[in-house]
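Report on the following structure.
Please treat every number below as a calculation from the coordinates, not as lab data. Not measured: the values here are computed from a predicted model. Backbone-built Cβ (ideal geometry, glycine too); neighbour counts: all protein chains shown.
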Amino acid sequence: MTPAPSPRVSPTPEHIRETRLKAGLTQTQAGALVHTTCRTWQQWEAGDRGMHPAFWELFCLKLPSVMDESVGDA
């Protein structure tokens with residue numbers, strides 16, 4: 001597996017999807033974390049639109065709290 005891209009670099013669609021799935025999030029939930037729509041998230045994962053590095057950085061910053069919550073639910 002390739003290392004996570006720097007927060008200042010747009011991630012690949014594959015990396016966006018892999019990271020979301022590892023976090024156990026739906027596309028709707030992932031979009032909500034970064035204040036965007038499910039459709040926009042789908043476009044990022046499909047490669048139809050590039051994710052701005054600021055959205056990726058926000059998503060990465062919010063992931064630890066999401067991961068902690070999912071562990072507590074198990």
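Data table
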quantity	calculated
Computed over region 13-69: relative contact order in percent, which uses C-alpha pairs under 8 Å that are six or more apart	34
Summed residue charge, Cβ within 14 Å of residue 11's Cβ, Lys/Arg positive, Asp/Glu negative	+1
